[in-house]
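First up is the structure itself, then whatever we jot down about it.
Bear in mind these aren't lab numbers, they're just calculated from the coordinates by the rules spelled out. Quantities reported herein were computed from a predicted structural model and do not represent experimental measurements. Heads up, the Cβs are rebuilt from the backbone with ideal geometry, glycines too, and the neighbour counts pull from every protein chain shown.
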Amino acid sequence: MQTNKLNYLSHIQVFRDLTPSELADMDRKLTMSTCQAGRIFYMPEDSGEVLFLLKKGRVQLYRIAPNGKKLIVATLGAGTIFGEMSLVGQGMHNTFAEAIDECVLCVMSRSDVERLMREKPEVAFRFVEAMGSRLTQLESQLEDIAFKSIPARLSSLLLELADTPDKGGRISGYTHQDFSEMLGTYRETVTQTLNDFKAEGLVEIGRKKVVLRDAERLQTMAEA
């Protein structure tokens with residue numbers, strides 16, 4: 001287990017400048033846990049500051065509107081940092097965190113982060129770098145919502161989620177409702193748009209499955 005945790009830590013971007021001995025020191029101070037798919041491990045009412053380092057699996061961050069509608073804020077992959085910690089500009093206000101797959105998470109307290117940033121300035125720089133990248137992504141998402149059509153946004157999402165072309169361009173495990181929550185629109189709108197894509201020969205649609213048949217045209221639509 002210890003070897004696995006050291007391996008996980010060494011592949012997290014913000015720790016890439018640390019030596020093996022420094023990683024071993026972190027290993028003794030951090031908690032690593034496994035979350036089963038479907039488990040909600042962070043909720044809005046949770047108190048205290050905590051930073052999650054996602055090594056394996058995918059996590060979905062979402063909010064619930066007063067009318068009960070679910071809005072997916074982000075879908076995070078391995079190597080991502082998230083949580084509630086003002087020290088590194090991370091916030092989870094009114095946000096749920098749910099494991100999409102089985103996930104491996106390292107958990108850091110505020111005292112862990114403070115000590116690490118004080119002792120290792122290069123790690124503090126990597127935190128700033130990671131937060132800057134997250135802000136850029138958020139700005140891009142807001143720009144897409146403001147200026148792009150649903151077909152353009154759906155094309156972009158499908159391309160982002162799909163396997164590489166040499167693996168078949170396949171998207172598995174997502175419903176039309178999932179797509180609508182990621183885009184902040186209605187399921188009926190997504191279903192109609194996917195049917196239009198199918199009619200144009202851009203995709204094939206199955207149960208919880210979409211296969212891209214013309215990624216080049218989808219890319220053109222995404223950039224429109």
- prompt: Using a simple charge model, +1 on the beta-carbon of Lys and Arg, -1 on the beta-carbon of Asp and Glu, nothing else, what dipole does the stretch 148-222 show about its Cα centre, in debye to the nearest 20?
  reply: 140
field: Straight-distance crosslink candidates among aspartates and glutamates, where the alpha carbon sits under 17 Å from Lys198 and sequence neighbours closer than 8 are dropped
entry: Glu188, Asp214, Glu216
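If I take every Cα pair under 8 Å that is 6 or more residues apart in the stretch 148-222, average their sequence separation and divide by the length, what percent do I get for the relative contact order?
Over the stretch 148-222, the number comes to 39 percent.
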query: When the chain is fully extended, how far beyond the present Cα-Cα distance does Asn195 get from Lys29, taking 0.36 nm per residue of separation?
result: 54.6 nm
query: Tell me, what is the FRET efficiency for Val107 and Lys209 to the nearest 0.05, using R0 = 45 angstrom and their Cβ-Cβ distance as r?
result: 0.85
statement: The rounded separation in angstrom of the Cα centers of the stretch 146-224 and the stretch 48-67 is 24
- prompt: Of the cross-linked pairs Lys148/Lys208; Lys55/Lys148; Lys29/Lys56, which ones have a Cα-Cα span greater than 22 Å in the structure shown?
  reply: Lys148/Lys208; Lys55/Lys148
query: By average Cβ neighbour count within 10 Å, what is the ranking of 26-37, 210-221, 60-71, 94-105 from highest down?
result: 94-105, 210-221, 26-37, 60-71
- request: Averaging sequence separations of C-alpha pairs under 8 Å and six or more residues apart, then dividing by the length of the chain, give the relative contact order as a whole percent.
  value: 18
- prompt: If you plug each phi of the stretch 51-64 into the Karplus form 6.51 cos²θ - 1.76 cosθ + 1.60 with θ = phi - 60°, what whole-Hz ³J(HN,Hα) values come out, in order, with x for Gly and Pro?
  reply: 10, 9, 10, 8, 9, 9, x, 10, 10, 10, 9, 8, 10, 10
